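Shown next, in structure tokens, is the structure this report addresses.
The values are calculated or read from the model by the stated rules, or taken from the named source; none is laboratory data. Just so we're clear, the structure is a prediction, and the values are computed from it rather than from any experiment. As a convention, Cβ positions derive from the backbone with ideal geometry for all residues, glycine included, and neighbour counts pool all protein chains shown.
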């Protein structure tokens, strides 16, 4: 049945049926072989010409419908991987456990974990449209890997897959009534140091946890001014050092470099009493709320007496780590002078891991001005040198600047307003999208990014607004029809 003749329910349930298949397959960034192999087989069974490259990107070609063969080629593009985050106390193994879905009348969610609608719902929509759209020119589906971690899929996608393409619809945005026409450039930065340890000498050991923060996507939510659990924990430990002796045994926090950390935990030994520690933590809570009270509902410093058989970091290594965490900027750095209300430049102190005698700190700057990403990369090198860390610099992804003469944006906004009775918002976003890499491989590409409405992505509270699925599918379907009609 043609999409234009389907009911809202038929479209919604059809897309969700495709999404359920993805939710059953573990697909954290860097581990997409399983989902890629499944999709390759599935799309091949549907009769499409499918190729899978060496990093597990998928490209599927769908022939034009009758009388639309001469229309320009359009790509529907999304990414297969997801950010895997679990709520405190939830047992979850991202590499082996499926996403357990739950549903209300308004939302689709997951039980205790992130949902993976970013970008599983984009993948599901593309498949549904390929199966059901009845009027389109030559259509290509491109599903990439590793978008959330470093855009390695987009980086490694062969240019030949885009050279014959006129239009590209990226299905990786978060509001159904917004058309994204520009995005930020990003760079992955990892600080690393080999640690030296010494036997613990202080009498009491404690675990200190930071909980209760909102977290969220470090592009979409960084402008809200939310607190950073890693920063809060490091600040509390340094405040304890000012009151008495502290030996750091372990420190960890965050779940993904592009997610604002909502939790962090450290184990330390000290000469301070529990009462003295709690007094310091109460002061730290007041300081935190004074800085972030409008953006956070509260913060919980949870102190527990513990026993630890591990040695402590030598004092110099502990201080180097604290200094690094203190110096690194995390949050909004500059607002755009061109687009009112848009965060231009930011950085996220996303993850600290300490395994054995190695500590790693993930740092994630982004900006709509590529030169300012360059500045942050150089700043990070200076910080690493000053604190005794090594710095690993990942591939720097370019930003995507708005095409003021985009025909695709014109088509999409006209169709949306006709279908929904209101204008579509058009904006650049501070999040990073793969579009910058696509544009490098074909500078003539006319691109937009769209998506259903999803909330609190990259967190256990992630949820998809069900009523936005059908309008999104109808928008893409009619846009494909318009492209085919105008150029056929």
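Is it the case that some residue within segment 244-255 is farther than 25 Å from residue 308 by Cβ, surrounded by 15 or more Cβ atoms within 10 Å (Cβ to Cβ) and modelled with pLDDT under 95? I'd like the intermediate steps shown before the answer.
First, pick out the residues of segment 244-255 that are farther than 25 Å from residue 308 by Cβ: none.
So far as segment 244-255 goes, no, none of its residues is farther than 25 Å from residue 308 by Cβ, surrounded by 15 or more Cβ atoms within 10 Å (Cβ to Cβ) and modelled with pLDDT under 95.
Residue under question is residue 124, and the condition is that it be under 19 Å from residue 59 (Cα atoms) and touching a strand residue (DSSP E or B) at 6+ places or on another chain (Cβ under 8 Å); does it hold? Before the answer, list the steps.
Numbers: under 19 Å from residue 59 (Cα atoms): yes; touching a strand residue (DSSP E or B) at 6+ places or on another chain (Cβ under 8 Å): no.
No: the conditions fail for residue 124.
Filter the strands (runs of 3 or more DSSP E) completely within segment 261-355 down to those with at least 2 residues that are at pLDDT 95 or above and under 24 Å from the mean Cα position of the chain (by Cα).
Numbers: elements: 264-270, 300-306, 331-335, 343-355.
The strands (runs of 3 or more DSSP E) meeting that bar are 264-270, 331-335, 343-355.
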Could you tell me which residue of segment 387-416 is surrounded by the fewest Cβ atoms within 10 Å (Cβ to Cβ), considering only residues that are farther than 30 Å from residue 76 by Cβ and touching a helix residue (DSSP H, G or I) at 6+ places or on another chain (Cβ under 8 Å)? 390
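Yes/no per residue for (1) modelled with pLDDT under 95; (2) in a helix (DSSP H, G or I):
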position: 35; (1), (2): no, yes
position: 40; (1), (2): no, yes
position: 55; (1), (2): no, no
position: 60; (1), (2): no, no
position: 78; (1), (2): no, no
position: 88; (1), (2): yes, no
If we scan segment 98-108, do we find a residue that is buried (at least 18 other Cβ atoms within 10 Å of the Cβ), touching a strand residue (DSSP E or B) at 6+ places or on another chain (Cβ under 7 Å), in contact (Cβ under 8 Å) with a residue 40 or more places away in the chain and not in a loop (DSSP other than H, G, I, E, B)? yes
Answer yes or no: is there a residue in segment 413-421 that is within 22 Å of the chain's Cα centre (by Cα) and either at pLDDT 95 or above or not in a helix (DSSP H, G or I) (or both). no
Scanning segment 7-41 for residues that are surrounded by 18 or more Cβ atoms within 10 Å (Cβ to Cβ) and over 16 Å from residue 81 (Cβ atoms) gives 11, 12, 14, 15, 16, 18
Go through (1) over 24 Å from the mean Cα position of the chain (by Cα); (2) buried (at least 24 other Cβ atoms within 10 Å of the Cβ); (3) assigned to a strand (DSSP E or B) and name the single condition residue 137 misses. (3)
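For the condition under 26 Å from residue 159 (Cα atoms) and at pLDDT below 95, what is the one hit in 398, 460? Give the steps one after another, and end with the answer.
Working: 460 fails: under 26 Å from residue 159 (Cα atoms).
The unique qualifying residue is 398.
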For segment 109-133, name all the residues that are surrounded by fewer than 22 Cβ atoms within 10 Å (Cβ to Cβ) and either in contact with a helix residue (DSSP H, G or I) (Cβ under 6 Å, 6 or more places away or on another chain) or at pLDDT below 95 (or both). 132
Go over the candidates 158, 154 one by one and state the one that is in contact (Cβ under 8 Å) with a residue 40 or more places away in the chain, outside any strand (DSSP E or B) and buried (at least 19 other Cβ atoms within 10 Å of the Cβ). 154
Among the strands (runs of 3 or more DSSP E) lying completely within segment 169-257, list those that include at least 2 residues that are touching a helix residue (DSSP H, G or I) at 6+ places or on another chain (Cβ under 8 Å) and more than 25 Å from residue 346 (Cα to Cα). 204-211, 246-253
